[in-house]
């Protein structure tokens, strides 16, 4: 036994964080969507990913935090946008733990330090990322994702071009949204992990804005996009979409949204397009010089994305089941790989390999077992470890169950626990080797160049004196030179607001955009 000893306070907080995720597991998995595929062994690869997360996340997070804290990564993520991590990050890891508990391979008292550390990383990242609304998750915010600062939202609002159903820009934007969503779905092995939404943000009495991220479009981390995505000039694209006559009443921790009435193409009345990554100074406009330029840009990107989709179908059609299993599992497992890119310590073997300890379970994960066990684990909540005493009523379904197992407090007195899973082991993959090409806002880079630039670069708004100038500071200091400079930094690429500075209200922005 090492000299590590958990404290009562630590276990209390960790169990609370486990329960916050447990409450959302059932709601997201059982009441929101059904995910299946006629092509990919989705249930099997999801389970495979959970195991890889359990064995690798603790050491990978420690490696990342040796370069940069989770709090600073959260600040950077607001600058660049990031994949959905609110639910995926901790729950993939905790569900891997739950699988192993049910199989009798570990006990709830195992890997105490690892589990506590992973959840603490998640908490610190989330609180930083959500600092503008003071919540840990979208769920806590009433299923809203209002993470972006006012100065960024003003630019998105001001520069969005008006459009109406049937006009050229509206058609081009809708075509792009449809083609890119289909492509992203295929890139992520028929899941939604390349798509994300923020908002809603109120931009008028009958208008709201949704910010939509499309990621992993070009040649970057996934080996199956080598060549396939070479003709797509941006790895990440963000669409700002203003809707009218519809209320987005739910935006969950998967990044999925619902609206009243149902959002249709006719409701979109404004649109903009941006790119951003961890090497850019925030969101940089793409094709935003005029409505005509944006229309042409959407049409060009749609053509390129449709071509890449065709190439990707051909690539995936030749895959074996093991290659499908690896690709799907790695897509899920690597959902937080952007943390490593931001910190400048990304390595292919860390994120694009299945740890040999998870690999042991590959023969178990056939389609039948995968479907049944995943349903039991996240839908029915009926595995043995998830059963509680009969007086208990679980949130959402009132059954005597719990999605995720707590730490027993008895370990504080009996000392019966283990510290962690140990260092990462070698990994395996049945996929082709990744080519050393990474599409970024600085062009196509080698991984060594990408890591070096990431370590050297800090966005200006994430540096002193601007990093800690939050919305509550702006409220009382909007008329100061420092606030003016901060807003001008965000406005530097804006067509409408360039050099307007601080002090504008939403109605002022609306009036200015009406003059362009």
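How many percent of the alpha carbon pairs in segment 313-467 exceed a separation of 19 Å? When every Cα pair of segment 313-467 is considered, 72 percent fall beyond 19 Å.
Helical content of the chain, expressed as a calculated mean residue ellipticity at 222 nm, amounts to -13500 deg cm²/dmol (DSSP H runs of 4 or more residues, -39,500 (n - 2.57) each, divided by residue number, nearest 500). Against the set [x] 175; [y] 164; [z] 153, the structure's computed volume of the Cα convex hull per residue in Å³ falls on [z].
Any idea what angle helix 150-159 forms with the longest principal axis of the chain, computed on alpha-carbon atoms, 0 to 90 degrees, nearest 10? Around 50 degrees separate the two axes. Could you give the angle, 0 to 90 degrees to the nearest 10, between helix 42-65's Cα long axis and the longest principal axis of the Cα atoms of the chain? That works out to roughly 80 degrees. Please work out the FRET efficiency for the pair residue 244 and residue 293, using the Cβ-Cβ distance as r and a Förster radius of 30 Å; give the result to the nearest 0.05. So the FRET efficiency works out to roughly 0.80. A protection proxy built from the mean count of other Cβ atoms within 10 Å ranks the segments 224-234, 332-342, 207-217, most packed first, as 332-342, 207-217, 224-234. Its alpha carbons give segment 204-265 an Rg and a Dmax of 15.7, 46 Å. Across the chain, the relative contact order, built from alpha-carbon pairs under 8 Å that are at least six residues apart, equals 24 percent. On C-alpha positions alone, give me the angle between the axis of helix 291-317 and the longest principal axis of the chain, in degrees, nearest 10. Relative to the chain, helix 291-317 is tipped by roughly 30 degrees. Computed over Cα pairs, the Kirkwood radius of segment 7-91 leads via Stokes-Einstein (0.692 mPa s, 37 °C) to a diffusion coefficient of 211 µm² per second. Segment residue 164..residue 300, full-extension length gain: 46.9 nm, with 0.36 nm per residue of separation and the alpha-carbon distance subtracted. Its Kirkwood hydrodynamic radius, worked out from the mean inverse distance over all distinct Cα pairs, puts segment 1-152 at 16.9 Å. How high is the relative contact order of segment 123-219, given as a whole-number percent (alpha carbon pairs under 8 Å, six or more residues apart)? 21 percent. With both labels modelled 7 Å from their Cα along Cα-to-Cβ, the residue 425 to residue 492 distance reads 4.8 nm.
Remark on segment 110-242: ratio of C-alpha radius of gyration to 2.2 N^0.38 Å is 1.27.
Multiplying the residue separation of residue 512 and residue 452 by 0.36 nm and subtracting their alpha-carbon distance yields 17.5 nm.
Calculated FRET efficiency, residue 406 to residue 192, Cβ-Cβ distance, R0 = 35 Å: about 0.75 to the nearest 0.05.
Taken together, the values in this text are just the output of simple stated rules run on the coordinates, not laboratory data. Note that this is a predicted model, so its numbers are computed, not measured. Note that we place each Cβ from the backbone using ideal geometry, even for glycine, and neighbour counts take in every protein chain shown.
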